[in-house]
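The values are calculated or read from the model by the stated rules, or taken from the named source; none is laboratory data. Quick caveat: nothing in here was measured; it's all calculated off a predicted structure. Every residue, glycine as well, gets a Cβ built from its backbone with ideal geometry; the counts of neighbours run over all protein chains shown.
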Amino acid sequence: MKTTIIGKQMNVSEDLKELVTKKLSKFDKFFREGSEAFVTFNRRHGEECLEVTISANGTLFRSEKKSETFRNALDECIESIERQIRKNKTRLEKRLRDGAFDSADQDGMADIEEERELIIRTKAFHLKPMTPEEAILQMNLIDHEFFMFVDSSTGDTCVVYRRSDGNYGLIVPEK
């Protein structure tokens, strides 16, 4: 797996880079050649923040953790991505490396019962053309974390969302 390590407003030490590469190598059994991992180190408000994003065959696995040390945050991110893989094992078998789950018995992953996710509610509503600013206002008025709308300038279906840092994000379709 190709690993890209980024330090936001900081330099990442060589031993930390080696630790990241070593810890991420455990995922090689799941992902085919050509998969990429992006690891971002950051310090915010006196906490060490680590974000791990793995792109494998069009599927993204992401975890962001804050901790007292980068090593603890890395361990938490690795555990989180492992949980994502186990939780979605059945759906992922077709996308991951052949035999990825055959060796799972060695790691104790086969003992973990797969969680079932069911859609418990379907909601339909009319998508009104509006600007992203109007969509943010509407999202805040209904006190949601995200809001889907049709962008009045492009005609695309987009999503605005509230980020964990209090700012807003906009998701637009790729053309």
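For segment 24-40, a residue qualifies if it is in a strand (DSSP E or B) and either of a type outside the set (A, V, I, L, M, F, W, C) or touching a Phe, Trp or Tyr at 6+ places or on another chain (Cβ under 6 Å) (or both), and the qualifying residues are Glu36, Thr40.
So which residues in segment 54-85 are of a type in the set (S, T, N, Q) and assigned to a helix (DSSP H, G or I)? Of everything in segment 54-85, those that are of a type in the set (S, T, N, Q) and assigned to a helix (DSSP H, G or I) turn out to be Asn72, Ser80, Gln84.
Residue pairs whose Cβ atoms lie under 9 Å apart, separated by 6 or more positions or on different chains, with the first residue in segment 122-138 and closer than 14 Å to Thr157 by Cα and modelled with pLDDT under 90 and the second of a type in the set (Ser, Thr, Tyr) and surrounded by 11 or more Cβ atoms within 10 Å (Cβ to Cβ), are Leu127/Thr157; Lys128/Ser152.
Being assigned to a helix (DSSP H, G or I), among the acidic types (Asp, Glu) and at pLDDT 90 or above: is that true of Glu51 here? No.
Residues that are under 16 Å from Val20 (Cα atoms) and modelled with pLDDT of 85 or more do occur in segment 82-91. A single member of Phe41, Phe61, Phe70 is touching a residue at least 40 places away in the same chain (Cβ under 8 Å) and surrounded by 18 or more Cβ atoms within 10 Å (Cβ to Cβ), and it is Phe70.
Considering only residues that are surrounded by fewer than 17 Cβ atoms within 10 Å (Cβ to Cβ) and small (Gly, Ala, Ser), which ones fall in segment 44-56? Once the filter is applied, which keeps residues that are surrounded by fewer than 17 Cβ atoms within 10 Å (Cβ to Cβ) and small (Gly, Ala, Ser), segment 44-56 yields only Gly46.
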